[in-house]
1. Please tell me which of these pairs span more than 20 angstrom C-alpha to C-alpha: K75/K133; K59/K133; K59/K80; K59/K140; K75/K104; K33/K59?
2. For E93 and V28 in the same chain, what is the full-extension length gain: residue separation times 0.36 nm, less their Cα-Cα distance, in nm?
3. Quick one: grab Rg to one decimal and Dmax as a whole number for the stretch 85-134, Cα atoms only, in Å.
4. What's the ranking of 49-56, 107-114, 62-69 by average number of surrounding C-beta atoms within 10 Å, highest first?
5. If the viscosity is 0.890 mPa s and the temperature 25 °C, what translational diffusion coefficient in µm²/s does Stokes-Einstein give for the stretch 19-93 when Rh comes from Kirkwood over Cα pairs?
6. By how many nm would the segment from N72 to T162 grow when fully extended, if each residue of separation counts as 0.36 nm and the alpha-carbon distance is taken off?
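Each reported figure results from applying straightforward, stated rules to the coordinates on display, with no laboratory input. Since the structure is predicted, the reported quantities are computational estimates derived from the model, not experimental observations. Methodologically, a virtual Cβ is constructed for each residue, glycine included, from the backbone with ideal geometry; neighbour enumeration extends over all protein chains shown.
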Amino acid sequence: MINKRIGPTTLPSDDKTFDERVLFVNRVARVVKGGRRFRFQALVVVGDHGGQVGMGVSKGADVTAAITKATNVAKKDMVKLPIRNGTLTHEVEAKVSGSHILIKPASPGTGLIAGGVIRTLLEVAGYENALSKSLGRNNKVNMAYATIAALTSMTAPSSWVTRKNQPAKTPSSKSKKRTVR
């Protein structure tokens, strides 16, 4: 499993290499003695279209503050994902809270068949062909967390166990076929 978090010390100094997308802005109210106090919650996805993606959720007094804070959180929590021929290495599935996500690799030319949050996350990460289905609830924040969890659970092709990597089996005496006369 590739789950390499990229900390702020290893981030490139040029912020323009990342594609930053705001997925969701929510107005949150807190009731106090004099009435309601409003704050804003932002869900932001940051990626480099080359296998690195990060997601951040943050609140702020106004929309721009919430987006800025969420972008900083997303850049700190970047993960490196394996990409194989523009698609996923294998089928992945994850469940976070009520959201249940299924993502499958697709053949070249298929494109991204995904909706909303999943589509944006896959685009920003650099996947060109994939199929997905949301099997649970459609809360955007939980769907984003479930998509990141599914993508980080993928294993790279270099770590797969294949027949080439296994020792050859020697025939045993018990496996000889007997002929009936």
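1. Check vs 20 Å cut-off fails for K75/K133; K59/K133; K59/K80; K75/K104; K33/K59.
2. 20.3 nm
3. Expressed in Å, the Cα Rg and Dmax of the stretch 85-134 come to 10.3, 33.
4. The densest-packed peptide leads the list: 49-56, 62-69, 107-114.
5. Rounded to a whole number, D works out at 178 µm²/s.
6. Gain in length upon complete extension: 28.4 nm.
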